[in-house]
1. Between a residue in region A:84-97 that is more than 11 Å from every other protein chain (Cβ to nearest Cβ) and any residue that is part of a loop (DSSP other than H, G, I, E, B), which pairs come within a Cβ distance under 6 Å, given they are 6 or more apart or on different chains?
2. Where in region A:1-89 are there helices (runs of 4 or more DSSP H), lying fully within it, with 2 or more residues that are closer than 28 Å to residue A:225 by Cα?
3. Inside region A:165-201, can you point out the residues that are out of contact with any helix residue (DSSP H, G or I) (no Cβ under 6 Å at 6 or more places or on another chain), facing chain B (nearest Cβ under 10 Å) and in contact (Cβ under 8 Å) with a residue 60 or more places away in the chain?
4. Any chance you could count how many residues in region B:146-175 are more than 19 Å from the chain's Cα centre (by Cα) and part of a helix (DSSP H, G or I)?
5. Looking at A:167, A:176 in this structure, which one is closer than 23 Å to residue A:292 by Cβ, modelled with pLDDT of 90 or more and over 26 Å from the mean Cα position of the chain (by Cα)?
6. Please pick out the residue among A:97, A:108, A:79, A:142 that is buried (at least 24 other Cβ atoms within 10 Å of the Cβ) and within 30 Å of residue A:181 (Cα to Cα).
7. Consider residue B:120 carefully, then state whether it is surrounded by fewer than 21 Cβ atoms within 10 Å (Cβ to Cβ), modelled with pLDDT under 90 and over 17 Å from the mean Cα position of the chain (by Cα).
8. Considering only region B:247-276, state which residues are over 25 Å from the mean Cα position of the chain (by Cα), assigned to a helix (DSSP H, G or I) and within 14 Å of chain A (Cβ to nearest Cβ).
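The values are calculated or read from the model by the stated rules, or taken from the named source; none is laboratory data. Predicted model only: the values in this text are computed from it and were never measured. All Cβ positions, glycine included, derive from the backbone under ideal geometry; neighbour counts span all protein chains shown.
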């Protein structure tokens, strides 16, 4: 008896190099670029010029880094959303929908408070509303998984589509509070612009424009890191994620922990939605949000950051750069779909790289191992 | 007679349920061997773009072009499945994240849209399409005729595949081996079944089936190219596998239920029935959650369901 497909096998390493935290993400990133280059070559594109243009539009051109932060801000939040949940083995794929609901809630509160609100009320209210909306939407699959044993991957995904349908309904298919019914809004459906007092500030550092939302994201990432490492809740998350049975023996309630994690994870994506409305779009923009797909890209960010909240900050800038370049370069001579290709390849390579670091590849000598296997 | 609302809704349920049948049938094969593939949505889009490309670029009679287009769809989607198979079976990475990666890689912002842009697809409906046809001459039967026997060739093919797959899984030696691989790979290995090979073959077959599901969209339902045209049907197919307890026959019922729900917005609107858009658009997704909750609970109670080794990589022990 012989296994047809394996000319080698994987042997666990006895010693895990500490460098794994750096080598896997960096190696995977470049491996993905290489694979992407092959694909570009096969389809008749010049990978070097494509990559060069991405690099210029993402980081090097004047003002490009500011544009990259515009994409990195929502990715920072959705990356944290995925990182927190995946660490506990709760596969929340619903960051996309939680992001939409956060945007709906935060734009709703900003519109409701109106133009006479104080800045120091309007902005915190948007932050809280966004987090709350995301948390409510995120808690649903958590509850279903914890108490009704329903697969959270599919439920959280379905909720993405439902949130998408709701946001489209609010702007395109109804005369809702969110829709602009004056002027051109009568002819071309679009969201009502939130009052200027609710616009989130931006800070200029030299030529770089740093959105308030990005700073909020950095603070949130730090808070998550402390929550995971220094609190009782963080400890419970680790135990429930690693060994649910042990958690139950130790008197923890895995169900509650899972619902709490799901809500926190959803709140993070909801904050991303709030930041997107407050800092950049200033309206509820369903089509724009759906095209960006920040929720799904957040999974790539989290994986490349190896689920580490602080690393998510840096990775969000890299993926944000690729996303930003993707927008900027849309046109006849720049292939669409390249952003998703690169994101998918990065995810594939991160997974593969992880294995290759944990295991050694050992070549099997054809005959002898087959004989051994036949015994 | 043919305008009867009942008939229209049921005929549409089967028409729109057909891609779900193909995709879920393929996923049943993959999951029976122990591998979850969350890349269904992405593989469907790969199949759709492959089929659309062939149908757009090859001129000829439908009888020649359409089979080639379907085969192209199967190959495109199976190529996507091969990445997942290599990562999960050979490298034993997390199946969930690898499947998600496949959907991101191949999906709406990925390869499928890239290729469609490269080949300039979606400018016009494809010339050769799968239209409704009365294959068996039974289309004039009252009620059943227009519902069952005035469908596309793809629907008839899906019935054939459901029957063959059922027989394969439950009545053949290879099916028994497949189930053993999914339930207990150690046992299967010890009696001489090549576990890795079985998993590779069934993940690839699952991909090929998902490819036909994609072809249903680009050759019949739309029938042209639109980025992300499968609209989450791949995820509903994943839910259908659970709904059908990993059995093709039960899954077929669920697929037509969801095909009917997805088609309601077209059928009811065309007849001027006043139902809020929001309700109709979200119905398939809401119902997926509801059905999944009900099924998961009863499955847990009655010990029905998933292959025991589903999602677990198989590592052969050294002897």
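1. Matching pairs, first to second residue: A:85/A:92; A:87/A:307.
2. Those helices (runs of 4 or more DSSP H) span A:20-42, A:64-87.
3. Result: A:166, A:170, A:172.
4. Counting residues in region B:146-175 that are more than 19 Å from the chain's Cα centre (by Cα) and part of a helix (DSSP H, G or I) gives 8.
5. Working: A:167 fails: over 26 Å from the mean Cα position of the chain (by Cα).
When all the criteria are applied, what remains is A:176.
6. On the way: A:108 fails: buried (at least 24 other Cβ atoms within 10 Å of the Cβ); A:79 fails: within 30 Å of residue A:181 (Cα to Cα); A:142 fails: within 30 Å of residue A:181 (Cα to Cα).
Just one listed residue meets the conditions, A:97.
7. Details: surrounded by fewer than 21 Cβ atoms within 10 Å (Cβ to Cβ): yes; modelled with pLDDT under 90: no; over 17 Å from the mean Cα position of the chain (by Cα): yes.
For residue B:120, the condition - surrounded by fewer than 21 Cβ atoms within 10 Å (Cβ to Cβ), modelled with pLDDT under 90 and over 17 Å from the mean Cα position of the chain (by Cα) - is not met.
8. Answer for region B:247-276, where residues must be over 25 Å from the mean Cα position of the chain (by Cα), assigned to a helix (DSSP H, G or I) and within 14 Å of chain A (Cβ to nearest Cβ): just B:269.
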